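The values are calculated or read from the model by the stated rules, or taken from the named source; none is laboratory data. Because the structure is predicted, anything quoted here is derived from the model rather than measured. Cβ coordinates were reconstructed from backbone atoms using ideal geometry, including for glycine residues, and neighbour counts include every protein chain displayed. Protein only, heavy atoms only, side chains kept; ligands, DNA and RNA dropped before computing areas. Shrake-Rupley method; radii C 1.70, N 1.55, O 1.52, S 1.80 Å.
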Amino acid sequence: SQGTIPLPLRDSKITWVDLRDVARAVAKVLRSGERKFNNRSYTITGCESLTGPQVAMALSEVTASHVRFVDVPEEVAALSLASSGLQPRAVTAILEVFEQARSGRFSTVALDARYLTGKDPTTLVQFACDHMSSFRHECISYFDQKQSDVLFRYFNNICADGASSFTLDQFCASIGDVLRHTGLSHALFRMLDQNQDGNVDFREYICTMSILMKGSIEEQLDLAWNMIDKDGDGCVVWREFSALAQDPALSSGTLSSSSSSSSSFWTPAHSLQCKWLAHTTSDYYHSSA
């Protein structure tokens, strides 16, 4: 069923590999013509050894949905494979692979992929992000695959090495001295951090960037509201709006109002230059056009 990974793996670790990495390695050997590749065998693996629950956790973080691993008995797996139309010999062969996985045969990370291709194998997080539409039925952004890849590279530049999200401090460090730890930078991070947990994952990042760069004015206004509503209570008072509008980092000028400090209101917040964040990635985005 949706949201589950039912496999007879117990707690075994596997170096899950992206088929694209296998293809790159094969292409290198076939095209090189170098004798050093003759009469040799290579083991192509992923760059990390993960259990089923770890895979489910990674997919949950990337897709912002609940994915769980279910360790099913081998008999159940055999019945499921057979009911899918596979021949008995194929079912037996697949079950043997699962048995080898449970014994730990596929748990060791090999270096052959890097040796052959000159680059590290694809991580599970990268794989999931590259195939987001396969893991989520609804569209989460207005970007095509090529544009999403460009934004993912920029996202990785903000994150710490190997991390799947970035913090406020990392975000502020990425936007330069002028805006670093200003009211505007905090407001921009609040707009990105959709679930307000203090971390921005790739799904939150690409959803926000999609709306900023391609969304409707209504969608952009919703994001701008999150920028202004500092305490997240769903109500904007003048002091919240004024604090952001008068931030030294915001070059759109100052605003004044006769409203009392306790009155709430709605405003076309796109006048606060809510597309500033999109401008910071314009070089990356337009390079994919």
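Checking the structure you have, find out if any residue of region 73-84 is among the hydrophobic types (A, V, I, L, M, F, W, C), in contact with a Pro (Cβ under 8 Å, 6 or more places away or on another chain), farther than 30 Å from Asn195 by Cα and without any contact (Cβ under 8 Å) to a residue 24 or more places away in the chain. Scanning region 73-84, I find at least one residue that is among the hydrophobic types (A, V, I, L, M, F, W, C), in contact with a Pro (Cβ under 8 Å, 6 or more places away or on another chain), farther than 30 Å from Asn195 by Cα and without any contact (Cβ under 8 Å) to a residue 24 or more places away in the chain, so the answer is yes. So which residues in region 23-56 are acidic (Asp, Glu) and within 28 Å of the chain's Cα centre (by Cα)? Glu48 - this is the single residue of region 23-56 that is acidic (Asp, Glu) and within 28 Å of the chain's Cα centre (by Cα). Within region 9-23, the set of residues being within 21 Å of Leu50 (Cβ to Cβ) and open to solvent by 30 Å² or more (accessible area, probe 1.4 Å) comprises Arg10, Asp11, Lys13, Trp16, Val17, Leu19, Arg20, Val22.
Restricting Ala110, Ala101 to those that are under 14 Å from Leu7 (Cβ atoms) and out of contact with any helix residue (DSSP H, G or I) (no Cβ under 8 Å at 6 or more places or on another chain) reduces the list to Ala101.
Leu30 meets the stated requirement of being among the aliphatic types (A, V, I, L, M) and without any contact (Cβ under 8 Å) to a residue 24 or more places away in the chain. You will find that of Ser83, Ser134, Ser174, Ser148, the residue that is at pLDDT below 90, open to solvent by less than 30 Å² (accessible area, probe 1.4 Å), over 23 Å from Ser12 (Cβ atoms) and of a type in the set (Gly, Ala, Ser) is Ser148 and no other.
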